[in-house]
1. At a probe radius of 1.4 Å, what is the per-residue accessible area of His117, in Å² to the nearest 10?
2. Considering the values (i) -0.50, -0.59, -0.82; (ii) -0.30, -0.39, -0.76; (iii) -0.26, -0.34, -0.65, which represents log10 I(q)/I(0) by the Debye sum over Cα atoms at q = 0.07, 0.08, 0.11 Å⁻¹ as calculated for the structure under consideration?
3. Any chance you could run the full-extension gain for Asn208 through Ile137? It's 0.36 nm times the residue separation minus the Cα-Cα distance, nm to one decimal.
4. Quick one: which residues, 5+ away or cross-chain, put their amide H under 5 Å from the amide H of Thr163? H built at 1.01 Å from N.
5. Hey, if you put +1 on the Cβ of every Lys and Arg and -1 on every Asp and Glu Cβ in the chain, which of Ala189, Ser112, Gly62 ends up farthest toward the positive end of that dipole?
6. Give the total of Lys-Lys pairs in the range 191-281 with Cα-Cα distances below 23 Å; include a pair only if its members are 8 or more places apart or on different chains.
7. Straight-line reach only, C-alpha to C-alpha below 14 angstrom: list the aspartates and glutamates that Lys60 could link to, leaving out same-chain residues fewer than 8 apart.
8. Sorting Tyr276, Tyr243 by accessible area (1.4 Å probe), largest first, what list results?
Amino acid sequence: ATMPLPVTMEFLGADRRIAIIGGGNMGRLVAEQMHEAGFPKERISIAIRGSESTRAAIEKIGFTAQSTTDCAEALRGAKLVFIGVRAQELVELKGLDFPKDGLIVVLTTGMSFKALHAITGCTNVIRAMACGHDLIIARKGIVTMCPHDHPVTTEAFKEMGYTIFPFIAEEEQVHMLSCLICSPAARVALRQRGDDLDFDQAAKFVSNNSSTPLACLKDVLEWARANSDEILWTEEKGDFDKYIGGMFTKGGLTEAVCETIRGNLPQPEGVEPKTYLAGLTAAFARCKGQVAANDELLC
């Protein structure tokens, strides 16, 4: 059951808590932005790994007292849970006591709803596909949800400064959109050699992988073009390899898009190599591979 709560900043009630599982870029941003939007810091808990770098990053944003290495402790009393760990780490959350009467928002790519239900023991799960943290920090972030939006998540993301695109009902399109949201970084790779994002290639990517058009495709491309000029590479930003490498994590979808475009990864069959379409296709294959591996492991 989802929460029948009013759509205001008091949507969780006076005694309810938010738990954030994962102290990486997205987890820290959610904590900061929820607090900046008016949610009391003392009612936010962050479950982190105990590495020195993570602890330092948490201390930098002023959430040391709200952090713990015990996920069960972070979840205690929470009615809204954000999960922002990598897909390969999600299995470690299986068996925890997730709130059956709350809402679980998963920011992780490469997971099916079947696997997420198996991990959390809950059906009240919403996938949220959000863009990279650089644009979120600049208050230019976008997000869309699946299988539906919800008054609580809609209000939370609005308060955090996101533009909310229409929800996606089909799980397959979740994986496609997870790749398309990498388009600002893809544009950095393309513009460095004089190319740019191509709507026809994006549309071809969608039609190759779904019989249903993606309603927000045009909006995603327009957002990527409008908000990526300031992150394009210039000589003043130093070595290009190092610069673009800072935009993705090893094994992630943004890496697959950018490094396929640059020719540093094997090219997918059936599409022109080193193109925007090739990058999206490679990222989608990586995402689907992650989904299949996690389904086999968890289901």
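The values are calculated or read from the model by the stated rules, or taken from the named source; none is laboratory data. Bear in mind the structure is a predicted one, so any value in this text is a computation, not a measurement. Backbone-built Cβ (ideal geometry, glycine too); neighbour counts: all protein chains shown. Areas reflect the complete protein model, heavy atoms only, side chains present, ligands, DNA and RNA absent. Shrake-Rupley method; radii C 1.70, N 1.55, O 1.52, S 1.80 Å.
1. Using a 1.4 Å probe on the heavy atoms, I get roughly 60 Å².
2. Read-out from the structure maps to (iii).
3. Details: separation 71, 0.36 × 71 = 25.56 nm, distance 3.31 nm.
Net length gain for the segment: 22.3 nm.
4. Close amide H contacts, sequence-distant or interchain: Gly141, Ile142, Val143.
5. Checking the options against the dipole of the chain, the answer is Gly62.
6. Values: Lys204/Lys218; Lys204/Lys274; Lys218/Lys274; Lys237/Lys250; Lys242/Lys250; Lys242/Lys274; Lys250/Lys274.
Here the count comes out as 7.
7. Leaving aside aspartates and glutamates fewer than 8 places away in the same chain, those within reach of Lys60 are Glu32, Glu52.
8. Working: Tyr276 5, Tyr243 55 Å².
These residues rank, largest area first, as Tyr243, Tyr276.
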